[in-house]
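Accompanying notes for the structure given below.
The values are calculated or read from the model by the stated rules, or taken from the named source; none is laboratory data. Since the model is a prediction, treat every value here as computed from it, not as a measurement. Backbone-built Cβ (ideal geometry, glycine too); neighbour counts: all protein chains shown. These accessible areas exclude ligands, DNA and RNA; they are computed on the full protein's heavy atoms, side chains included. Shrake-Rupley method; radii C 1.70, N 1.55, O 1.52, S 1.80 Å.
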Amino acid sequence: MKKRFGFRYISVLALFLAAYAALNDFSGNVYSQNSRYEGKIVRKIEFTGNESVSSGALLYAMKTSIGYPLNSAEVRQDIKEVFDKGQFEKVDVEIEEVPDGVKLRFICKERARINSIDFKGNDEFVDTDLEASIPVKAGDVFRTDLLEKGAKAIKSKYDAQGLFNAVVSYRTDEVDSGRDVKVSFIIDEGEEIVVKKISILGTRKIDSDDLLDLMTTKEEGLFRDGAFKKEEYEMDKDKILAYYRENGYLDAQITGEKVEYEWDNPAEKQTRVIFIVLNVEEGDKYFFDGYTVKVEAEKPVYTPEALMKNFKLKEKGELFNDTMFQQDRQSISFKYASQGYIFARVVPEKKIIEREIVSNGETVKRKFVKVDITITEGTKAYVENIIIKGNQKTKDHVIRRELLVKEGELFNSDMMQLSREKVYNLGYFKQVNFDVRPGSREGQMNLVVDVEEQPSGTISLGGGYGTTSGFSIFADITENNFMGNGQIAGIKFSYGPYTSSITLSFTERWLFNKPIAFNSSISYGLYTYEESSIFPSGSDTSEYQKQTFGYSLGLSYRFWYYFQVGTSWYHVFKSYINPTGNSPDYIFEYESLGVQEKRTQTVYLYRDTKNNYLNPTSGTRVGMSVGFTGGFLGGGDHFMELNPELYAYYSPFHLPFLESHPCVFEFRANGTFLMQPIGSVNQDYSKNEWLDSDDRLRMGGPETIRGWDYYDTAFPKSWANAGLYHRVLYGLEFRVPIHPQMLWLAFFFDAGSLWSDNQWEKQIVSDTYRKYINNDKENGDLHNIGQFFDTDLLQYFRYSYGAGLRVQIPMMPLRFWFGKKMIYDGDKFCNIGGWTFQFQIGDIRY
């Protein structure tokens with residue numbers, strides 16, 4: 001028979017999160033009764049209605065346990081703990097007497113869940129930006145307090161963007177018979193309130209216009225929208241104070257500010273605008289009076305002279321530049337951190353000295369700052385743990401193997417910075433941040449590598465149509481982080497009237513967990529070529545096809561941080577097929593040779609210190625590759641190819657309105673030189689040329705000199721139609737970042753030249769080809785490479801200049817170029833023709 005605890009059942013009704021205090025009072029009143037169930041043994045605990053939270057999880061959070069006496073205070077706390085899970089809007093408890101004790105039943109009513117979240121009326125922000133700013137997600141339990149916070153968070157996001165008139169509300173609709181809720185945030189973005197006027201008061205020693213130029217926040221103007229963004233405005237105030245302190249005004253401060261929203265026209269009251277007033281107190285100007293450095297250690301790691309060697313502030317009497325002072329202070333910490341002393345304390349003490357000096361013939365009083373720096377070296381720090389976070393796809397070992405800092409080793413800030421660059425240059429991450437945290441004991445620290453992943457695959461798709469060539473398509477699909485293991489897998493194919501090809505490739509960046517890269521590929525191609533007809537009176541051209549099948553294998557090794565040495569083997573089988581009847585005789589001779597082999601072994605060495613593999617702003621790449629084709633390797637093609645290269649990047653400044661994004665100069669120079677093969681060749685070049693026409697070098701297109709077309713008619717005929725044996729290129733590019741990772745405006749100057757070679761000219765088979773070369777030599781338009789230093793290089797090279805956009809979309813890198821051709825004629829550069837537009841998708845161009 002069931003017993004009553006004051007009643008037949010004791011029921012403690014639903015408790016809401018905002019009424020915990022009332023819950024505790026109510027429960028306490030019930031369980032404070034002198035009940036005969038108080039202290040009885042709990043034999044069973046049941047839960048009902050808890051679909052989203054397991055009974056085991058609820059039991060784990062409770063104090064009441066089976067086999068122990070019932071305690072009313074503990075039951076009150078248990079109700080609170082169950083409710084605190086946040087999944088329930090109501091919790092009831094029933095107590096029932098059973099043999100030898102009591103049974104507790106917790107009756108839970110779950111909150112509805114959020115089925116979906118959508119946003120209505122948002123144009124300024126995309127849905128994903130708004131989703132990231134609110135504290136609720138689809139699948140969470142429905143809680144009105146969190147929706148209120150979400151609406152406020154969205155409003156703050158609009159305020160920060162300058163849309164102060166935005167109004168944000170939300171609406172809920174039941175779905176699935178009331179079990180779920182659809183949430184809609186309704187946004188009235190209002191109008192963007194622009195900055196009408198910015199006034200800086202109190203400026204006597206520094207021109208207020210100079211301060212206004214520093215600010216990102218601008219007044220509305222012909223070429224400025226005047227948008228007000230709170231974050232930018234707060235940073236602008238810091239810029240003003242930093243500028244004062246750079247100019248010696250260490251006491252400068254902003255003593256007052258007003259950001260007022262007024263009617264632009266009070267009579268009409270249609271549009272609100274912002275008026276900003278800043279009050280500045282400049283204070284006195286300070287001058288530098290020297291450093292003293294004291295190291296508190298028996299055997300200092302650095303002498304004071306060594307620490308002060310690269311200080312920015314040097315000359316006594318110069319302005320005290322606070323930015324330089326902070327750089328000097330940080331340089332000490334960085335030096336010590338590079339030796340493992342990350343706990344070194346650098347304590348500067350400024351002493352203000354006022355004295356009279358003679359300036360411009362007058363005696364004036366000036367304030368000087370003398371800085372005494374005391375350094376406590378502390379103990380060396382060792383890396384206890386390296387913690388990697390933020391990687392969802394990429395395996396930990398892919399990141400860890402790029403780190404030059406290892407667990408158990410002495411901490412080194414130089415190696416940490418290099419490690420950050422190496423991880424970032426994998427190309428898998430938007431952001432790579434390193435953080436140092438204390439370890440489990442003194443002298444130990446933990447290094448946290450926090451990454452934010454980005455898509456690691458690239459897709460280049462395109463097509464084209466010509467009246468004579470018809471329709472063609474191409475695709476290049478590459479996954480640079482295959483299965484999160486850091487491997488590269490790709491497929492490239494093209495299809496059209498003149499080219500049909502497919503290539504499969506795979507690269508393992510760390511073979512046997514060593515910095516040894518293995519790469520391989522397999523390819524097939526069918527290419528159609530046109531030649532002049534052997535019948536002079538005919539208008540049709542002749543055609544033939546070349547069919548190829550090949551594979552490649554390569555190994556490379558990275559060492560000394562920046563160096564890489566490697567070798568690759570390329571083996572291709574080719575045959576000439578389907579010549580038309582009006583083709584030249586040598587084409588039929590090629591066909592009669594059947595399947596031929598091309599065997600190439602390439603070795604290379606380069607040093608690459610670029611700080612970013614996609615958009616470098618500093619560093620260099622210097623290298624040389626040598627390819628051996630045929631000769632002692634055998635096959636049907638025989639030559640040696642040398643490829644020296646040099647790339648250098650320099651960022652000397654940034655534009656005033658892009659302070660955080662440096663502009664970049666890129667200088668590049670490279671050459672390709674085809675030499676005679678190594679080893680004897682038992683092959684008659686008159687029947688089977690040693691150098692295939694595809695291997696001869698040409699000029700034009702964005703890979704060489706932008707603005708010049710492929711087979712450009714302004715080239716000498718041997719350059720445009722024949723192809724030659726040596727090529728020299730150099731150029732300069734100036735890049736302005738619009739978005740430093742995605743969009744750059746680029747201005748370029750390119751130069752290039754082609755050169756002939758007496759040894760190769762001896763093997764010319766085609767009379768037309770020989771005629772082109774001889775005529776250009778007679779006209780002075782072609783020289784042999786041996787005449788390089790005896791040639792007027794300025795006049796011999798071809799040039800171009802222009803501008804374009806570099807769009808670095810991860811899935812499809814795009815390049816748009818407008819270039820103009822130039823030659824040097826006598827004593828000046830002369831333009832040839834108008835502007836030429838060229839378009840690239842990755843490595844494919846039009």
Note to self: Just want to confirm a number: the relative contact order over the chain, from Cα pairs under 8 angstrom separated by 6+ residues, in percent.
What the structure shows: 5
Margin query: Show log10 I(q)/I(0) for the range 528-605 at q = 0.13, 0.23, 0.24, 0.25 Å⁻¹, two decimals, from a solvent-free Debye sum over equal Cα scatterers.
Written below: -0.58, -0.98, -1.02, -1.06
Check: Pairs of lysine in the range 370-492 with Cα under 26 Å and at least 8 positions apart or on different chains: total?
Finding: 17
Next item on the list: Can you spot the lysines whose alpha carbon is less than 29 Å from residue 269's alpha carbon? Ignore those fewer than 8 places along the same chain.
Entry: 120, 152, 155, 157, 196, 197, 218, 229, 230, 258
Next item on the list: For helix 72-84, report the angle its Cα long axis makes with the longest principal axis of the Cα atoms of the chain; keep it between 0 and 90° and round to the nearest 10°.
Entry: 30
Notebook entry, point to check: Which one of 554, 583, 573 is farthest out on the positive end of the charge dipole of the range 531-623, using unit charges on Cβ (Lys, Arg +1; Asp, Glu -1) and the Cα centre as origin?
Noted result: 554
Item checked: Those lysines that a straight Cα-Cα span of less than 23 Å connects to residue 103, excepting residues fewer than 8 apart in one chain -> 2, 3, 40, 44, 63, 80, 85, 90
Item checked: Net charge of Cβ neighbours under 10 Å - reference residue 782; Lys, Arg +1; Asp, Glu -1 -> -1
Check: For the pair residue 253 and residue 668, how long in nm is the line joining their label points, each one 7 Å along Cα→Cβ?
Finding: 5.4
Notebook entry, point to check: Around residue 199, with a cut-off of 13 angstrom between Cβ atoms, what is the net charge of the other residues, counting Lys and Arg +1 and Asp and Glu -1?
Noted result: -1
Note to self: Less than 10 Å Cβ to Cβ from residue 184, Lys/Arg counted +1 and Asp/Glu -1: what total charge do the surrounding residues give?
What the structure shows: +1
Notebook entry, point to check: Expressed as an acute angle from 0 to 90° and rounded to the nearest 10, what is the orientation of the C-alpha long axis of helix 230-246 relative to the principal long axis of the chain?
Noted result: 70
Notebook entry, point to check: For residue 613 and residue 318 in one chain, what is 0.36 nm times their gap in residues minus the Cα-Cα distance, to one decimal in nm?
Noted result: 102.2 nm
Notebook entry, point to check: Could you give the length gained on full extension between residue 714 and residue 389, defined as 0.36 nm per residue of separation minus the Cα-Cα distance, in nm?
Noted result: 111.3 nm
Item checked: Farthest positive-ward along the range 479-561 dipole, Cα basis, beta-carbon charges - from 525, 483, 500 -> 483
Next item on the list: Could you quote the convex hull projected area for the range 281-408, Cα atoms only and averaged over all directions, in nm²?
Entry: 12.6
Check: By how many nm would the segment from residue 406 to residue 351 lengthen if fully extended, with 0.36 nm per residue of separation less the alpha-carbon distance?
Finding: 15.6 nm
Margin query: Under a crude label model (7 Å from the Cα following the beta-carbon direction), how far is residue 483 from residue 306 in nanometres?
Written below: 4.9
Margin query: Just to verify a number: FRET efficiency for residue 514 and residue 267, C-beta to C-beta distance, R0 = 56 Å, to 0.05?
Written below: 0.10
Check: Taking a label point 7 Å from the Cα of residue 770 along the Cα→Cβ vector, which residues of the range 579-620 have an amide N closer than 19 Å to it?
Finding: 584-590
Margin query: Run through the range 128-208 and list the GluC sites (Glu not before Pro) located in a DSSP loop whose Cβ has at most 13 other Cβ atoms within 10 Å.
Written below: 191
Checklist line | residue 499-residue 588 FRET efficiency (beta carbon distance; Förster radius 22 Å; 0.05 resolution) | finding: 0.45
Checklist line | Cβ-derived FRET efficiency at R0 41 Å, residue 73 paired with residue 238, nearest 0.05 | finding: 0.15
Margin query: Using only Cα atoms and rounding to the nearest 10 degrees, what angle (0 to 90) does helix 322-337 make with the longest principal axis of the chain?
Written below: 90
Item checked: Kirkwood estimate for the range 363-440, i.e. one over the average of 1/r between Cα atoms, Å -> 15.6
Note to self: With a cut-off of 8 Å between alpha carbons and a minimum separation of six or more residues, what is the relative contact order of the range 642-785 in percent?
What the structure shows: 23
Item checked: Relative contact order, percent, the range 550-589 [alpha-carbon distance under 8 Å, six or more residues apart] -> 35
Margin query: Using only DSSP helix segments of four residues or longer, with each worth -39500 (n - 2.57), what per-residue ellipticity at 222 nm results for the chain after dividing by its residue count and rounding to 500?
Written below: -5000 deg cm²/dmol
Margin query: Please report the accessible area of residue 159 (heavy atoms, 1.4 Å probe, ligands and nucleic acids excluded) in Å², nearest 10.
Written below: 40
Next item on the list: Treat every Asp and Glu Cβ in the chain as -1 and every Lys and Arg Cβ as +1, leave all other atoms uncharged, and give the resulting dipole magnitude about the Cα centre to the nearest 20 debye.
Entry: 2680
Item checked: Kirkwood-based Rg to Rh ratio, the range 641-708, C-alpha trace -> 1.26
Notebook entry, point to check: Hey, of [x] 1.08; [y] 1.11; [z] 1.04, which did the structure itself give for Rg/Rh (Cα atoms, Kirkwood Rh) when calculated?
Noted result: [x]
Note to self: Given the whole protein assembly as supplied and a 1.4 Å probe, what does the accessible area of residue 436 come to in Å², nearest 10?
What the structure shows: 60
Margin query: At 7 Å along Cα-to-Cβ for each site, give me the label-to-label distance between residue 732 and residue 781 in nm.
Written below: 2.9
Item checked: Cα-centre dipole for the range 763-842 with unit charges at Cβ (Lys and Arg positive, Asp and Glu negative), debye to 20 -> 480
Next item on the list: Give the accessible area for residue 735 in Å² (nearest 10); use a 1.4 Å probe, count only protein heavy atoms, and leave out ligands, DNA and RNA.
Entry: 10
Next item on the list: Give the value in nm², to one decimal: projected area of the alpha carbon convex hull of the range 692-824, averaged over all directions.
Entry: 9.3
Checklist line | Rg to Rh quotient for the range 78-127, alpha carbon positions, Kirkwood Rh | finding: 1.38
Check: When only the heavy atoms of the protein chains count and the probe is 1.4 Å, how do 628, 653, 411 rank by accessible area, highest first?
Finding: 653, 628, 411
